[in-house]
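The values are calculated or read from the model by the stated rules, or taken from the named source; none is laboratory data. These numbers come from a predicted model, not from an experiment. Backbone-built Cβ (ideal geometry, glycine too); neighbour counts: all protein chains shown.
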Amino acid sequence: MADLLSATATPAHALQLRGVWLRLGREVILRGVDLDVSRGEGVTLLGENGAGKTTLLRLLASALRPTRGEGRVMDFDLRDSRAVRDQVHLMPVDAGLYPDLSCAENLDFALRMHRAAGDVPAALRRVNLEAAAARRVRFLSAGMRKRLALARAHLLARPLTLVDEPFANLDDAGRALTLHLLGELRARGVTLIVAAHEPDLARQVAPRALRLSAGKVEEVGHGS
Ligand SMILES: Nc1ncnc2c1ncn2[C@@H]1O[C@H](COP(=O)(O)OP(=O)(O)OP(=O)(O)O)[C@@H](O)[C@H]1O
């Protein structure tokens, strides 16, 4: 199996999975997933509640290990967590921020973790949070947290950016802003995977759609 993937892996791929199974506790979430995503591609990940979208994103971010099978992310073996985590940013559904740090401190910290530089005040301005720069995250609304998490993803611009339900808790302006910033990431060559329950919105920035169902990934045509 390992030989098979190394023989077909190319630098043109952002990620490749071969025969990936994942068990969590007693539940088998992924049942032999094969997947190829090209660099720069935008993919919408669909599936019912509990289908395993978040679990698949966590596996791609090297936060979970396959029970069986193998994968490569930006040409690194999925088992090489340190290398993979450097290439990937996962924006979790709950935004994954530090509640006792301020907005600006959360962004500074994320940059430091990736040994990256960036303009934090400008990033806060982009998501209309400049007035809240010094406010602790625990005092933000759900929508404001979402916008801060989006600013962080945009600032980091990791080569593979995984976004879990980016449109939840957002008003119309927030959704439009999300589409705009995710579109900018794609324009910069970032590979984007968006797990969402709003296919029409998500496919505007991530046109290829996949559906996770019964532990398998299948392609979804346009108009379905
Ligand atoms: N840490 C865990 N231990 C055991 N089972 C888990 C764990 N995390 C998730 N699961 C189970 O894995 C399955 C997939 O969950 P997941 O959160 O990946 O689904 P999802 O497609 O993202 O759902 P939603 O659309 O509701 O966000 C669910 O049955 C869930 O109960």
Among the residues in segment 70-92, are any away from the ligand (no atom under 12 Å from the Cβ), of a type in the set (S, T, N, Q) and part of a strand (DSSP E or B)? no
If only one of Leu56, Leu78 is surrounded by 20 or more Cβ atoms within 10 Å (Cβ to Cβ), within 16 Å of Lys216 (Cβ to Cβ) and either in contact with a His (Cβ under 9 Å, 6 or more places away or on another chain) or of a type outside the set (Lys, Arg) (or both), which one is it? Leu56
Selection from segment 110-148 of residues that are basic (Lys, Arg) and crowded, with 20+ Cβ neighbours inside 10 Å: Arg145, Lys146, Arg147
Scanning segment 155-175 for residues that are at pLDDT 95 or above and assigned to a helix (DSSP H, G or I), which turns out nearest to the ligand (Cβ to nearest atom)? Leu156
Any residue in segment 52-73 that's over 14 Å from Gln16 (Cα atoms): show its pairings with residues that are within 16 Å of the ligand (Cβ to nearest atom) and assigned to a helix (DSSP H, G or I) at Cβ separation under 7 Å, as long as the two are six or more apart or on different chains. Leu64/Thr55; Leu64/Arg58
Quickly run through segment 176-190 and pick out the residues that are without any contact (Cβ under 8 Å) to a residue 60 or more places away in the chain, surrounded by fewer than 18 Cβ atoms within 10 Å (Cβ to Cβ) and not acidic (Asp, Glu). Ala176, Leu179, His180, Gly183, Ala187, Arg188
What number of residues within segment 34-64 satisfy the criterion of being more than 15 Å from the chain's Cα centre (by Cα) and within 13 Å of the ligand (Cβ to nearest atom)? 5
If you scan segment 12-66, which residues turn out to be assigned to a loop (DSSP other than H, G, I, E, B) and closer than 16 Å to Ser81 by Cβ? Ala61, Ser62, Ala63, Leu64, Arg65, Pro66
